[in-house]
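Student: Once you've had a glance at the structure underneath, I'll fire off some questions.
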Amino acid sequence: MIGLRLSTLRTRFLSLLCCLVLSACAGRPQTYDTPYLAANLFEINGDADTGAINYSAWAFASDSRLAGDPAAAMRAEIAVEYLAGALRDSGRWFAMAQSTKTKMVQARQDIRAIVGIRPDAPSQAVVDALLVASNQILLNNRPGALLALSAPVFTATPEQTLAIYSNLPFIPAANAATSAALAQTLSAGGGRN
């Protein structure tokens, strides 16, 4: 009889705890701009987050990795645009250090300042324009890439913007943020909580 009561109490307690946790999360508005990504853009076994972390950490580890490859530079920025929101919005990353999440937001701001993207531009508009431009570059369609880079999120001319992506300098904030995210992902077993 006592075992049955303890089991019932334990079940009720766990149910109450689950309800409290869910109610705390349910009303939380999205406060960071997390864009949707094209299917398979960074996915590794269906995991876009880890793929974006791996790609951006590799890309921003050295300026030579992106030298002369504007499509790769654009995709590295797409990863940071995504991660700046995803690391804060997704419950999956609750255990990641707050400092790393803050660094990723700073990295997004620094990259935008360097390449000429409005600071208030919605991340989804940035990602969409960069994805089209990078795809056009990969198809050797320069006019198509320039057309995509004429989106209102950019502050420079399309030609200037393409030139910046073709010779993207080393960005310390992007290196620090992406390498910190990678280190924490690896130490946490891929971030799967």
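Student: Which of the residues that make up the stretch 96-127 are farther than 19 Å from A57 by Cα and free of Cβ contacts under 8 Å to residues at least 40 places away in the same chain? Please lay out each step first, then the result.
Tutor: Taking the stretch 96-127 as the starting set, the residues that turn out to be farther than 19 Å from A57 by Cα are 113, 116-126.
Listed by number, the residues that qualify are A113, I117, R118, P119, D120, A121, A125.
Student: Say we look at the stretch 94-123 and pick out the residues that are buried (at least 17 other Cβ atoms within 10 Å of the Cβ) and polar (S, T, N, Q); which of these is modelled with the highest pLDDT?
Tutor: Ranking the candidates gives T100 first.
Student: Let me ask something else. Here are D63, D69: which of them is acidic (D, E), over 14 Å from I171 (Cβ atoms) and either assigned by TED's automatic domain parsing to the domain that holds P172 or crowded, with 16+ Cβ neighbours inside 10 Å (or both)? Walk me through how you get there before you give the answer.
Tutor: Numbers: D63 fails: over 14 Å from I171 (Cβ atoms).
Going through D63, D69 in turn, the sole match is D69.
Student: A further question on this structure: Which members of the stretch 51-71 meet the condition of being among the hydroxyl-bearing types (S, T, Y) and over 24 Å from N140 (Cα atoms)? It would help to see each step written out before you state the result.
Tutor: Our first condition is that a residue be among the hydroxyl-bearing types (S, T, Y); within the stretch 51-71, this holds for 55-56, 62, 64.
The one that is among the hydroxyl-bearing types (S, T, Y) and over 24 Å from N140 (Cα atoms): S62.
Student: Looking at (1) within 21 Å of A107 (Cβ to Cβ); (2) among the small types (G, A, S); (3) at pLDDT below 95, which is the one condition that is false for A59?
Tutor: (3)
Student: At least 2 residues that are in contact with a Phe, Trp or Tyr (Cβ under 6 Å, 6 or more places away or on another chain) in each: list the helices (runs of 4 or more DSSP H) lying fully within the stretch 84-193 that qualify.
Tutor: Numbers: elements: 98-115, 123-138, 142-148, 158-166, 172-187.
Result: 172-187.
Student: All but one of (1) crowded, with 21+ Cβ neighbours inside 10 Å; (2) within 19 Å of L131 (Cα to Cα); (3) modelled with pLDDT under 95 hold for M74; state the number of the condition that does not hold.
Tutor: (3)
The values are calculated or read from the model by the stated rules, or taken from the named source; none is laboratory data. Everything numeric in this text was worked out from a predicted model, so none of it was measured. Cβ atoms come from the backbone with ideal geometry, glycine included; neighbour counts cover every protein chain shown.
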